[in-house]
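The values are calculated or read from the model by the stated rules, or taken from the named source; none is laboratory data. What you see is a predicted model, and the numbers here were worked out from it, not measured in a lab. Cβ placement follows ideal geometry from the backbone for every residue including glycine, while neighbour counts extend to all protein chains displayed. Accessible surface areas use protein heavy atoms only, side chains included; no ligands, DNA or RNA. Shrake-Rupley method; radii C 1.70, N 1.55, O 1.52, S 1.80 Å.
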Amino acid sequence: MIRLYNTKDLKVEEFKPVEPGHVSMYVCGPTVYNYAHIGNARPIIVFDVLRRLFEAEGYTVKYVSNYTDVDDKIIKKAHDEGVAEGVITERYIKAYEDVRKMLNTEPLEATPRVTQTMDAIIDFIAQLVKDGNAYEAGGDVYFSVDSCPTYGEISHQKLDELEAGARVEENTQKRNPYDFALWKQTDMGIKWQSPWGEGRPGWHTECVVMINDNFQKGKPIDIHGGGMDLRFPHHENEAAQNECVFHNCLANYWIHNAMININGDKMSKSLGNVMWASEVVKKLGANLTRWLMSSVQYRKELNFSEETIETARKELDKVMTPLRQASIKAQMADRDLGSAYDEESWRRFLDAMDDDMNTPNAYAEIFDTVKKLNASLRQKEIDYAQVGRYYRAVEKMQGLLGITVDMPVLTAEDREAFAKWNQAKAEKDFARADEYRQVLSAKGLL
């Protein structure tokens, strides 16, 4: 039984899908005006792991994540470079998809773009205007937050408290300071013809339309996900529009991951501590990056520092080294590790993951299984069937976390080196043993 923290209800709840055995999941993707930073990589990994968890528990998953390819920042960058907006967006979409591949994520079912959904967006806004939930003012169209009685249910914000305690950008065209733009009149950059003149859509409308366009229109999806920074106003505003048009909540479960800090500080351009995702993955590798990302439960802030990276490296080595040793010993003994896995260990791991993706507890089960694997490898007469069961269990656990277990295949030369190394150790010829150890280590076999 999978249980997830639902931001809407502020509690961990049993997951009950709309359609038995199937999960519909939408995660807000990037606005493609720059390269992905390491903060963007966290939801990529978090929701990839969640998808793998559902699949491990027998569900089929339709996972969709969008690209926002219409935005003021995109238009400005295109203007500054003297190119069309499409040149900018294609560049960064490709770079973002490269990061996803580098991180060993499962492929998405769809990656809709705003520019490919424009007719549906305009029709959706027109419906809101027709129903009295939106109004035109000076060529722009705004959503009336006062027209939605459920406004605030996702972020638990109250309009009267917001108005009293926060500064809002002044706009005399708005009926309420918290009304937000659905359509913006523009004479610069990419634009489309609409009943309200030439312009482009507002961010908060784009995602709600793409969700209805890619899943069953007018019906709630199971999961809407993204970073905690999207909870308000983006997800709140999405939910409000959907409520007014379809009279139901956009999603049954709202899942948000916490942010990433760099050396204890918030990552920001002003602090000059932005870490680009591709550079981090190239430096650390996908396995270490994913291990570090999942070392902290997804709803808790994650700190990137040399210390946390080194801790993660040691932890991952503690897991991968026994796997490598088991594989090599089996090959040297001409034994097969089989396909059977230790079901009790795997079930305990899944139970931890089912508990709102409690990865620290899941890691504890990995370490416990590795401990059993080590003990089985130390036996004078190794039971390779038992070794194989622990090996396969850890391999499955790593696979759910998106960590690949690629073990070396020994060549005849490797086998000879191992034999001579073991012989030298038995004869206490430590100088010769050290020579073979260095040879084996250089090949990544020790």
Problem set entry | Net dipole in debye of the stretch 108-159 [+1 Lys, Arg Cβ; -1 Asp, Glu Cβ; about Cα centre; nearest 20] | 120 debye
Problem set entry | Relative contact order %, the chain, counting alpha carbon pairs below 8 Å whose residues are six or more apart | 17 percent
Exercise. How big is the gap, in Å, between the Cα center of the stretch 369-446 and the Cα center of the stretch 212-285?
Worked result: 42 Å
Exercise. When the gyration tensor of the chain is built from Cα positions, what are the square roots of 5 times its three eigenvalues, in whole Å, from largest to smallest?
Worked result: 50, 24, 18
For this session: Take the alpha carbon gyration tensor of the stretch 53-147, find the square roots of its eigenvalues, order them as a ≥ b ≥ c, and report rounded if a/c is under 1.5; if not, report prolate when a/b exceeds b/c, else oblate.
Result: oblate
Exercise. What's the angle, to the nearest 10 degrees (0 to 90), between helix 430-442's Cα axis and the longest principal axis of the chain?
Worked result: 30 degrees
Problem set entry | Rounded tilt (10° steps) of 306-332 against the dominant C-alpha axis of the chain | 50 degrees
Exercise. Using the Cβ atoms and a cut-off under 15 Å, what net charge is assigned to the surroundings of residue 252, where Lys and Arg are +1 and Asp and Glu are -1?
Worked result: -2
Seminar exercise, completed: accessible surface per residue for the stretch 295-358, probe 1.4 Å, DNA/RNA/ligands not counted, whole Å² -> 52 Å²
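Tell me the relative contact order for the stretch 290-446 as a rounded percent, counting alpha carbon contacts under 8 Å between residues six or more apart. Please list the in-between numbers first.
Working: 150 pairs, mean separation 41.9, N = 157.
Worked out over the stretch 290-446, it gives 27 percent.
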For this session: Just add up the charged neighbours of residue 444: K/R +1, D/E -1, any other residue whose Cβ is under 11 Å from the Cβ of residue 444.
Result: 0
Problem set entry | Separation of alpha-carbon centers, the stretch 67-93 and the stretch 192-208, rounded to whole Å | 17 Å
Exercise. At a 1.4 Å probe radius, carbon and sulfur cover how many percent of the accessible area of the stretch 345-446?
Worked result: 49 percent
Problem set entry | Share, in percent, of DSSP beta bridges within the chain that are antiparallel, nearest 5 | 45 percent
Exercise. For the stretch 243-338, which GluC sites (Glu not before Pro) are in a loop by DSSP, counting at most 15 other Cβ atoms within 10 Å?
Worked result: 301
Exercise. How large is the dipole of the stretch 45-111 about the Cα centre if only Lys and Arg carry +1 and Asp and Glu carry -1, each at its Cβ, rounded to the nearest 20 debye?
Worked result: 120 debye
Seminar exercise, completed: Net charge near residue 406 (other residues with Cβ under 13 Å of its Cβ; Lys, Arg +1; Asp, Glu -1) is 0
Seminar exercise, completed: Relative to the chain, whose Cα atoms define the longest principal axis, helix 236-246 and its Cα axis are tilted in degrees, nearest 10, by 60 degrees
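Assigning unit charges at the beta carbon (Lys, Arg +1; Asp, Glu -1) and nothing else, what dipole magnitude in debye, to the nearest 20, does the stretch 330-443 show about its Cα centre?
Its charge dipole is roughly 460 debye.
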Seminar exercise, completed: In this structure, among 73/282; 101/314; 8/300; 11/371; 62/443; 101/300, pairs with alpha-carbon gaps over 29 Å are 11/371; 62/443
